[in-house]
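Everything below concerns the one structure shown next.
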Amino acid sequence: MHDVHREITRWLEPLGAKVYIDAAGNMRAIYPSRETAASGLLVGSHLDTVPKAGAFDGILGVMLAIACLEALGGEKLPYVVEVVGFSEEEGVRFGIPFIGSRALVGRVDNDLLSVQDARGISVRKAIQDFGLDPREIGHAALYPETCVYLEFHIEQGPVLEKLGLPLAAVEAIAGQSRWELTFLGRANHAGTTPMDQRFDALAAAAEWITLVEQVAKTTPGLFATVGSVEARPGATNVIAAEARVTLDVRHRDEAVRSRAVEHLIERAEGVAQHRGLAVRSIQRLNQPAVVMDSFLTSQIEEAIRNTGCTPHRMVSGAGHDAMILAEKVPSAMIFLRTPGGISHDPSESVAIDDVAKAIEAGVRLLHQLASAPTFHSRTCRA
Ligand code: GLV
Ligand code: MN
Ligand code: MN
């Protein structure tokens, strides 16, 4: 990440932006306005990835923000443009996503700083090890002048490709729940313990995982995923004493999502009980669905239309930093068509013509917003 920050800084500074890394490890770059005492527009996405990731989820949004500045060719706008490259959006290391963007809305507290990764390193320690001071996290907050957040992102699904359209305006982002469950059984010898006298934590987890899939398949609009399994002690000839699994649940409708989570946790308890095991469950995230700002969304549609493309409006099933920023400032997103709808995989891609359209739409949007009432007063929702 240090290398990424250095590289991106090398691209931003010649454009006239001042770059620094805030205490949450977010890259922040300030492109000055042509006026003193101006409002601000924040634009960006995240720089972290999932394991075995593609090259575009997150980073493309940061690249597009920089490309839009570059396309301005030195022109200054009546508002400050701040480019952000968020840290820890995916939640891979600590099980909790959006850590970087939470710092901007003042939601990195002691509890979050104390969460540990699989090796027992806390968020606080990880920040220190990166060379930053977690006590300074308060200073990572949004500037009071910031009135808008924009995020470009690949769609990560098949919708735009099916419609034959390059760009979309996002009207809402589905909510998500993340849990960690640990089935607790008893270790014993794989060669001597009779099959009917076992308390196999991994077999219990496996039974529950197929139930999760079944429930999601039979509940319209529900997405439920167990993406990680860890067995302990983890040897071929030892019955697993512990199986730690993750659960990711998403739905557009908040009530359906919370009912589904409740049901799946109950089913885990049921599986554990009938096998004579216990199960421990910890909620890692309960992020409500978020509606994007309607004025900005319509401005995005207009910008897309002005590039000669038909704008599409859609709901994002994936989570984004825009969900967090929307707590404090009007926020909106622009999606780019994702070939094959493939994401979170090395074969993730994007078409170069679509990227060109996104830059064109982005620059048009920046100009449209220059005359928008949002930027005529420095009053923000924050
Ligand atoms: C972010 O990639 C998410 O999991 O939605
Ligand atoms: Mn992602
Ligand atoms: Mn992403």
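Laboratory data are not the source of any read-out in this text; all were calculated from the coordinates shown. Keep in mind that what you see is a predicted model, and the values were worked out from it rather than measured. Quick reminder, even Gly has a Cβ in these numbers, built from the backbone with ideal geometry, and neighbours come from all protein chains shown.
Report the calculated FRET efficiency for Met195 and Glu161 (r = Cβ-Cβ distance, R0 = 51 Å), to the nearest 0.05.
So the FRET efficiency works out to roughly 0.60.
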Test item: Cα-centred dipole of the chain, Lys/Arg +1 and Asp/Glu -1 on Cβ, debye: 460 debye
What is the Rg over Rh value, at two decimals, for region 65-108, using alpha-carbon atoms and the Kirkwood definition of Rh? 1.17
Can you compute the label reach from Lys125? Point 7 Å from Cα along the Cβ direction, backbone N cut-off under 16 Å, restricted to region 90-110. 93-95
By how many degrees, between 0 and 90 and to the nearest 10, does the Cα long axis of helix 59-71 differ from the longest principal axis of the chain? 0 degrees
Computed P(r) (all Cα pairs; region 171-231; 10 Å bins; percent): 17, 40, 26, 13, 4, 1
Of every Cα-Cα pair in region 211-277, the percentage lying beyond 17 Å is 50 percent
Taking the chain as a Gaussian network, Cα atoms linked when under 10 Å apart, which of Arg252, Arg119, Arg364 shows the biggest mean-square fluctuation? Arg119
Answer rounded, prolate or oblate for region 284-350, using the Cα gyration tensor with square roots of eigenvalues a ≥ b ≥ c: rounded when a/c is under 1.5, else prolate when a/b is larger than b/c, else oblate. oblate
Full-stretch length increase - Thr9, Arg107 - with 0.36 nm per residue and alpha-carbon distance subtracted: 32.6 nm
Computed on Cα atoms, Rg of region 1-102 relative to 2.2 N^0.38 Å comes out at 1.09
When a/c reaches 1.5 or more, the comparison of a/b and b/c decides; with that in mind, is region 109-167 rounded, prolate or oblate per its Cα gyration tensor? oblate
What's the whole-number percent of alpha carbon pairs in region 130-219 lying beyond 14 angstrom? 83 percent
What FRET efficiency comes out for Asp345 versus Glu35 if R0 is 51 angstrom and r is the Cβ-Cβ distance? Round to the nearest 0.05. 0.70
Hull volume in cubic angstrom per residue (convex hull over the Cα atoms of region 89-130): 66 Å³
Over the Cα atoms of the chain, what is the Rg over Rh ratio if Rh follows Kirkwood? 1.02
Quote the charge dipole size of region 287-382 about the Cα centre in Debye, to the nearest 20; the model charges only the Cβ of Lys and Arg (+1) and of Asp and Glu (-1). 360 debye
In the Gaussian network model of the chain, springs joining C-alpha atoms below 10 Å, which of Ser114, Ser298, Ser39 carries the largest mean-square fluctuation? Ser114
Taking springs between alpha-carbon atoms closer than 10 angstrom, which of Arg244, Arg284, Arg28 fluctuates most in the Gaussian network model of the chain? Arg244
Largest-first principal axis extents, alpha carbons of region 1-42, Å: 33, 23, 11
Please work out whether region 198-319 counts as rounded, prolate or oblate from its C-alpha gyration tensor, where a ≥ b ≥ c are the square roots of the eigenvalues and a/c under 1.5 means rounded, while otherwise a/b larger than b/c means prolate and anything else oblate? prolate
Quick check for me: using +1 on Lys/Arg Cβ and -1 on Asp/Glu Cβ, what's the dipole size of region 1-79 about its Cα centre, in debye to the nearest 20? 100 debye
The farthest towards the positive end of the charge dipole of region 272-365, of the residues Pro311, Phe295, Pro346, given +1 on Cβ of Lys and Arg and -1 on Cβ of Asp and Glu, is Pro346
Once the Cα atoms of region 228-382 are picked out, what are the Rg and Dmax in Å? 22.3, 69
Determine which residues of region 1-17 fall in the zone a paramagnetic label at Tyr143 would reach in this model, i.e. backbone nitrogen under 14 Å from the point 7 Å along Cα→Cβ. 16-17
Share of pairwise Cα separations in region 20-62, more than 15 Å, in percent: 57 percent
Any idea what log10 I(q)/I(0) is at q = 0.08, 0.09 Å⁻¹ for region 25-162, Debye with uniform C-alpha scatterers and no solvent? -0.25, -0.31
